[in-house]
Ligand code: KIV
Ligand code: ZN
């Protein structure tokens, strides 16, 4: 016999779910404080549970499974504290898990006594494998167990009548390993006891306790269950997927197409083994399709910080939406496309978010544009230019983009490390604006000149620490300064290219100038100046370019 065998497909030739799309958010139920907590190396204590509970409320969960109070003293005390200290908002329902055993059910009712709205969640395992190797039980024994549990719950809920709303939930645990007709049979037997109505629905939760198949098979199982189930109209079909094959999110998404109306999961997919459905990702997947998820992840960074603190597990760098690297492009062509995408978006003013390589606007989840692009030795001019623009407000001319990306590449090649946005900006300033202080410009003023198309200017400069006045003549102040410097100090350069632009509104300086010079030995060097006066900005750019040439000749 083979060690591994394929999961038998579901025969459902007229399946309808593949033709549907997700147009509505499910009812979300967070199981962070129960399923997630049960799977932690260090389960949360009361302080962490409370902090996470508050965070779940802030996100907007209206149903929260707060624990397994009959199995854990911490959970019991926590549930009591929530109720006794009136910490549960009126529109929020707490949910508690329990097995089909009378003493456990009694203890569970003690835990929730006085709650305004609670869901008692009964479960027992129904899969063929567990029946055979764990319980050594026949189907009828398993049904009896569930029905007994349902009856005790019904009895105790009736006894509590008047103290608050109590709803019921049943999970045929390991549903995905259960024959569908048996899952239907046991859920119907439970509903026969609870007698749900259209106005008072029972929740039937169909867990992929262990993910055994591709997500389309889970969707088939859900659709087939829904079609066969006699209480479909009187129940809410809930999904509870785990992630053993890495497709827990896809399974919930396809399961919703197949009839799921409610989804249980955890923040960042914390949970047993490979985790539960990651609700953050599923909700933001809906957001990117224009569907309002009803959950607020606009401060995802803080939510992540709290979840990491409470679970003592870190969120991986590449986790969708929340990972450190998901808004980071290292490849030059990707950086270039992202830069162009943001520019096009800004220019068009369109509302629809369309930027290559990004599925969501980082701002919508409390992240910023500046770490969108990080620079390493694989990066190209586009990304580097984007960072300079983003950090300093400079729109670099193309030749300067190429020149500066080579400067950056040298650094990243030498260190083998990526450069942060701030490092890139600092390198730009150091290279093109303040390479050295050998030549310093202080002031200038025009002086009389009676030659047509020529101007004369007097400049106050310091050269090698010696402050002096020099005068030169040319087509404009830049040309005049080049002549003055050549005559007085022998600093001969040719201006090859020149660009200028106004800085963005709000900046304290109003203009940037990019001056490309050619030195006597044929080197082409950019200098950059920034000043309120465009003339001074251009002079500063020229002086910076000359200082670069001096630096290079000093270093041989
Ligand atoms: O994964 C599972 O089956 C569960 C049930 C208790 C719902 O967590
Ligand atoms: Zn689970």
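With the simple model of a label 7 Å out from the Cα in the direction of the Cβ, residue 353 to residue 555 spans 4.1 nm.
Short-range pairs are left out: with C-alpha atoms under 8 Å and at least six residues apart, the relative contact order of the chain is 9 percent. Placing a pseudo-label 7 Å from each Cα along the Cα-to-Cβ vector at residue 475 and residue 24 gives an inter-label distance of 7.1 nm. Both the radius of gyration and Dmax for the stretch 26-311 are 17.7, 50 Å, in that order, over alpha-carbon atoms. For the pair residue 160 and residue 144, the difference between a 0.36 nm per residue extended length and the Cα-Cα distance amounts to 3.3 nm. For the pair the stretch 380-438 / the stretch 231-251, the C-alpha centres are spaced 49 Å from each other. Extension gain, residue 533-residue 199: 0.36 nm per intervening residue step, less the Cα-Cα distance, totals 112.9 nm. Using the C-alpha gyration tensor of the chain, what are the square roots of 5 times its eigenvalues, in whole angstrom, with the largest one first? They are 70, 23, 19 Å, listed from largest to smallest.
Here the gap between residue 230 and residue 54, fully extended at 0.36 nm per residue and compared with their Cα-Cα distance, gives a gain of 59.5 nm.
Apply 1/(1 + (r/R0)^6) to the Cβ-Cβ distance of residue 453 and residue 411, taking R0 = 41 Å, and write down the FRET efficiency to the nearest 0.05.
It comes out at approximately 0.40.
Both radii are taken from the alpha-carbon atoms of the stretch 257-409; with Rh as the Kirkwood radius, Rg/Rh is 1.04.
Where in the stretch 118-137 does the label zone of residue 5 land, with the point 7 angstrom along Cα→C-beta and an amide N cut-off under 14 Å? The answer is 128-129. Between residue 442 and residue 402, the FRET efficiency estimated from the beta carbon spacing at R0 = 41 angstrom works out to 0.80. Distance between the 7 Å Cα→Cβ label points at residue 314 and residue 291: 3.3 nm.
Just so you know, the Cα atoms of the stretch 432-531 work out to an Rg and Dmax of 14.3, 41 Å. Please give the Cα centre distance for the stretch 153-208 versus the stretch 318-343, rounded to the nearest Å. Centre-to-centre (Cα) distance: 46 Å. Using helices alone, what [θ] at 222 nm do you get for the chain, with -39,500 (n - 2.57) per DSSP H run of 4 or more residues, divided over all residues and rounded to the nearest 500? Result for the chain: -12000 deg cm²/dmol, rounded to the nearest 500.
Computed from the coordinates by the stated procedures, all read-outs in this text should not be read as laboratory data. Note that the structure is a prediction, hence the values are computed from the model and not measured. With ideal geometry, Cβ positions are generated from the backbone for all residues, glycine too; neighbour counts draw on all protein chains shown.
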